[in-house]
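Engineer: Shown below is the structure under consideration.
What follows draws every value from the coordinates through simple rules; no lab data is involved. Computed from a predicted model, the values in this text were never measured in an experiment. Positions of Cβ are generated from backbone atoms using ideal geometry, with glycine treated the same way; all protein chains shown enter the neighbour counts.
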Amino acid sequence: MSDLFSKFDPLIQQRDELLATGLTDPFNLVMEKVESPTVAICNGKRTILLGTYNYMGMTFDPDVIAAGKQALDDFGSGTTGSRVLNGTYGGHKAVEEALKDFYAMDHAMVFSTGYQANLGVISTIAGKDDYIVLDIDSHASIYDGCALGNAQIIPFRHNDIEALEKRLKRIPEGADKLVVLEGVYSMLGDVAPLKEMVAVSKANGAMVLIDEAHSMGFIGENGRGVAEAQGVIDDVDFIIGTFSKSVGTVGGFCVSNHPKFEILRLVCRPYVFTASLPPSVVATAATSIRKLMDSADKRAHLWENSKRLHAGLRQLGFELGSKEPQSAIIAVIMPDLEKGAAMWEALLNEGLYVNLARPPATPAGMTLLRCSLCALHTEEQVGEVLGMFAAAGRATGCIS
Ligand SMILES: Cc1ncc(COP(=O)(O)O)c(C=O)c1O
């Protein structure tokens, strides 16, 4: 009898060995109560949340919550159908309108998750004879989209403009090509040089898709992302985003000015062959997106938080993923998984939750403690966080 699970044996063993040391399982934490975007109760203890993607703190916004409750009352708990059958309600159209207004673009298509947005758009537009040139550190959903469409994939070194250009020039003449980039890379929190990369892509005749999952709402004058901040948003063919980060709920989307964009609704399998988002979710998303258009003060405070945490951690002696704070993500590089897990647990015991990230999600085999800031973290909370890092870092020997 075959054991199709045998390929997981090394991972099972590594996990068992780690837990045998008495460590809390870092991938099985329960949020017993969530009090606000920045505080939860974990293991019965008040815990500052510094490992969520709740960048703009919209999850407890009273208008967002009211919109969700109203939609639940008016439209029920779910649509029980695909967008192309019975699953398009007024709320789905309203959130697509909100996205078009937010990005000032002609078309918006909402998916059930951001993962499905990448999977669907990439696999549908780039097929077996097409070429996708992508940053090697791209998110799993981008790689899975490439695999589903069976396109020829050509990765290039992370954020390397010359490497991108070289790969583009090697593609056979006449072939259709798509360049896929991210605004913010979520593991190290660094930003792509989109100005140069979009120019190089266009000069070589490629269409460009940018995943702005970790920049929407925060980066750019209107929160449209890194493409806006670097002045190239009008040259980008597709922007992919998610409702699961700054928007504060769940769902994914693609916005575009391409004149033939709407045909995707009939040919994109991860859009057609799955149920649409519940009415309460699209109502919360639409309300949140419209409020994010008018959130310049929150964006400014989030930048202050990011700078304060980055400077404080560096001063304590931690090695960080980027020299300067470039986004709301500050990654602390750990020497190995054992030390990383010990530090993660020490922080939790102090009353701080961060993300422990490890390969294959991380680049170059790194173990990271990823801190993601929220616009609602107060200056005082950032100070508390630094105190906890100092104590946990000394207790585990990560800093002296
Ligand atoms: C860059 C990037 N793209 C897409 C996604 C998927 O988003 P969702 O959580 O909506 O599936 C993520 C999620 O972490 C992401 O980091």
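Engineer: Give me C146, C42 ranked fewest to most by other Cβ atoms within 10 Å of their Cβ, as a rough exposure proxy.
Structural biologist: Details: C146 25, C42 19.
Arranged by neighbour count, lowest to highest, C146, C42 become C42, C146.
Engineer: I need two numbers for the range 355-400: Rg to one decimal and Dmax as a whole number, Cα atoms only, in Å.
Structural biologist: 13.1, 35
Engineer: Could you name the lysines whose alpha carbon sits less than 25 Å from that of K245, not counting residues in the same chain fewer than 8 places away?
Structural biologist: Output for K245: K33, K45, K69, K93, K100, K195, K291, K298, K307, K323.
Engineer: Still on this structure, I have one more. Rank the residues E173, E182 as a footprinting-exposure proxy: fewest other Cβ atoms within 10 Å of their Cβ go first. Could you put the intermediate results ahead of the total?
Structural biologist: Values: E173 5, E182 27.
Listing E173, E182 from fewest to most nearby Cβ atoms yields E173, E182.
Engineer: Still on this model: Once the Cβ-Cβ distance between E17 and R157 is put in as r, and R0 is 41 Å, what FRET efficiency do you end up with, to the nearest 0.05?
Structural biologist: Values: r = 33 Å, r/R0 = 0.81.
The pair E17/R157 has a calculated efficiency of 0.80.
Engineer: Here's something else I'd like to know. Each residue of the range 233-242 in turn: what ³J(HN,Hα) in whole Hz from Karplus with 6.51, -1.76, 1.60 and θ = phi - 60°, glycine and Pro shown as x?
Structural biologist: Listing the rounded values in order: 4, 6, 9, 8, 7, 9, 10, 9, x, 9 Hz.
Engineer: Can you pull the percent of Cα pairs in the range 62-292 with separation above 34 Å? Spell out each step's value before the answer.
Structural biologist: Values: 3336 of 26565 pairs.
Within the range 62-292, distances greater than 34 Å cover 13 percent of Cα pairs.
Engineer: Continuing with this model, one more query. With label points built 7 Å along Cα→Cβ from the Cα atoms of L85 and L316, find their separation and express it in nm.
Structural biologist: In this crude label model, L85 to L316 measures out at 5.2 nm.
Engineer: Quick one: length gained pulling L72 to M1 fully straight, 0.36 nm per residue minus the C-alpha distance? If you can, show how the numbers build up before the last one.
Structural biologist: Details: separation 71, 0.36 × 71 = 25.56 nm, distance 4.85 nm.
Result for the pair: 20.7 nm of gain on full extension.
Engineer: Given bins 10 angstrom wide, list per bin the percent of all Cα-Cα distances in the range 290-365, short to long.
Structural biologist: P(r) for the range 290-365, in whole percents per bin: 16, 41, 31, 12, 1.
Engineer: Please arrange V121, V281, V382 by how many other C-beta atoms lie within 10 Å of their C-beta, fewest to most.
Structural biologist: Numbers: V121 29, V281 24, V382 20.
Ordered from fewest to most neighbouring Cβ atoms within 10 Å, V121, V281, V382 come out as V382, V281, V121.
Engineer: Exactly which chymotrypsin sites (Phe, Trp or Tyr not before Pro) in the range 205-294 are in a DSSP loop and have at most 10 other Cβ atoms within 10 Å?
Structural biologist: Numbers: sites: F218, F238, F243, F253, F261, Y271, F273; in loops: F218, F243, F273.
Counting only loop positions with at most 10 other Cβ atoms within 10 Å, the chymotrypsin sites (Phe, Trp or Tyr not before Pro) in the range 205-294 are F273.
Engineer: Still on this structure, please answer the following. Would you mind computing, in nm to one decimal, how far apart the modelled labels at N204 and I263 are, each placed 7 Å from Cα along Cα→Cβ?
Structural biologist: 2.6
Engineer: Same structure, new question: Jot down the per residue volume, in cubic angstrom and as a whole number, of the convex hull over the alpha-carbon atoms of the chain. Provide the component values of the computation, followed by the final result.
Structural biologist: Working: hull volume 64.6 nm³, N = 400.
Value for the chain: 161 Å³ per residue.
Engineer: What percent of all Cα-Cα pairs in the range 68-164 falls into each 10 Å bin, going from 0 up to the bin containing the maximum distance?
Structural biologist: Taking every Cα pair in the range 68-164, the percentages come to 14, 31, 31, 16, 7, 0.
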